[in-house]
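One structure is given here, and the rest of the page talks about it.
No lab work stands behind these numbers, since they all come straight from the coordinates. As the structure is a computational prediction, the values presented were derived from the model and not from experiment. With ideal geometry, Cβ positions are generated from the backbone for all residues, glycine too; neighbour counts draw on all protein chains shown.
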């Protein structure tokens, strides 16, 4: 095999610097997606038809179109329409957050529906306000049930973040591409990037299992 890592080894620290950019995008987008997902899930299970319709349309659009398309619309089209400038990282955070919110809302909705209906009926019978009931009784139980699915979404988001290379954000993948262009050897830096993503996935998977075990022990 025509592999020669000697020319790209000095560039490994440069590629590793992309981990910070990747985690910045993923963590911020996860927070946005989680909060948005809770809101959309509450809309979907609520009694207001307009809010249910808005949540369903939102989820349908963001789950039915490619993430890279949503990213490019935010980065290229919105500045064109509004005559503003959006930097790559904020654009990526917004795109991933909005997209993740659609998927997380379905996960949370399923978790809420899995909680015994009798608890909600008992809380309402005791006069507990709907918001307080959801915050203190229903959502905590739902989150314990859906934690594996949430961690899987987080891991998927970490891998999908590689598409930010199309808008020039200097994440792991983009830096690997830059190294390939400067050394005229693309396979080696791409393999290094793949190993980095794989190790990050293993670490996140391990942390997710540890968190799941801790939450089970707290029951």
(request) For an R0 of 45 angstrom, estimate the FRET efficiency from the Cβ-Cβ distance between residue 35 and residue 12 and round to the nearest 0.05. (result) 0.80
(request) Specify the inter-centroid distance of the stretch 86-119 and the stretch 167-219, based on alpha-carbon positions, in whole Å. (result) 22 Å
(request) Restricting things to alpha carbons, tell me how big the stretch 15-217 is in terms of Rg and Dmax, in Å. (result) 19.7, 70
(message) If I fit a long axis through the Cα atoms of helix 172-183 and take the longest principal axis of the Cα atoms of the chain, what angle between them do I get, 0 to 90°, rounded to 10?
(response) 10 degrees
(message) For Cα pairs less than 8 Å apart in space and 6+ apart in sequence, what is the mean separation divided by the residue count of the stretch 150-189, i.e. the relative contact order in percent?
(response) 22 percent
(message) With a 10 Å cut-off between alpha carbons and a GNM built on the chain, which of 203, 112, 163 moves the most?
(response) 203
(message) As an exercise, use a Förster radius of 30 Å and the Cβ-Cβ distance of residue 3 and residue 72 to find the FRET efficiency, rounded to the nearest 0.05.
(response) 0.35
(request) Rounded to the nearest 10 degrees, what's the angle between the helix 49-64 long axis and the longest principal axis of the chain, both from Cα atoms, 0 to 90? (result) 20 degrees
(message) Rounding to the nearest 10 and keeping the result within 0 to 90°, find how far the Cα-based axis of helix 139-160 lies from the longest principal axis of the chain.
(response) 20 degrees
(request) Evaluate the relative contact order of the chain (contact order divided by residue number), counting alpha-carbon pairs under 8 angstrom at least 6 apart; express in whole percent. (result) 29 percent
